[in-house]
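The next block holds one structure in the form of structure tokens; read it before the comments.
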Amino acid sequence: MANHKSSLKRIRQTEVKTLANRYYKKTARTAIRKLRELKSATEAKTFLPKVVSMIDRLAKKNTWHKNKASNLKSGLMKHIAGLA
């Protein structure tokens, strides 16, 4: 176990950030799944900006790699284009 004050604080901060990141990642994955299940092109087009915003936020915080975020967004765009 760590003995320094700074390392103990770092452990506490890491636990908080881990929980927050887990929540945001799970929320984004659920939104992506929901978007892929939509059959209506109009509903999907209105829901897409919210999902893209979630993905961009995770990439900005380095929770997801920027290339992973780009691949996800590209796949969602192709999916919606196929619905129309």
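The values are calculated or read from the model by the stated rules, or taken from the named source; none is laboratory data. Note that the structure is a prediction, hence the values are computed from the model and not measured. Don't worry about glycine lacking a Cβ; one is built from the backbone with ideal geometry, like all the others, and counts go over all protein chains shown.
When the residues of the range 20-43 are filtered to those that are over 14 Å from the mean Cα position of the chain (by Cα) and of a type in the set (A, V, I, L, M, F, W, C), which remaining residue is farthest from Thr63 (Cα to Cα)?
Taking the candidates together, the pick is Ala41.
Please enumerate the residues belonging to the range 35-49 that are surrounded by fewer than 12 Cβ atoms within 10 Å (Cβ to Cβ) and part of a helix (DSSP H, G or I).
Within the range 35-49, Glu37, Thr42, Thr46, Pro49 meet the criteria.
What is the number of the single condition among (1) at pLDDT 95 or above; (2) touching a helix residue (DSSP H, G or I) at 6+ places or on another chain (Cβ under 6 Å) that Ala84 does not meet?
Condition not satisfied by Ala84: (1).
Please enumerate the residues belonging to the range 7-29 that are of a type in the set (S, T, N, Q) and at pLDDT 95 or above.
Gln13, Thr14, Thr18, Asn21, Thr27
Kindly provide the set of residues from the range 30-84 that are among the hydroxyl-bearing types (Ser, Thr, Tyr) and more than 27 Å from Ala20 (Cα to Cα), ordered by number.
Ser40, Thr42
Suppose the filter is closer than 29 Å to Ala2 by Cβ and either in contact with a helix residue (DSSP H, G or I) (Cβ under 6 Å, 6 or more places away or on another chain) or in a helix (DSSP H, G or I) (or both); does Asn71 pass it?
Against the criterion (closer than 29 Å to Ala2 by Cβ and either in contact with a helix residue (DSSP H, G or I) (Cβ under 6 Å, 6 or more places away or on another chain) or in a helix (DSSP H, G or I) (or both)), Asn71 does not qualify.
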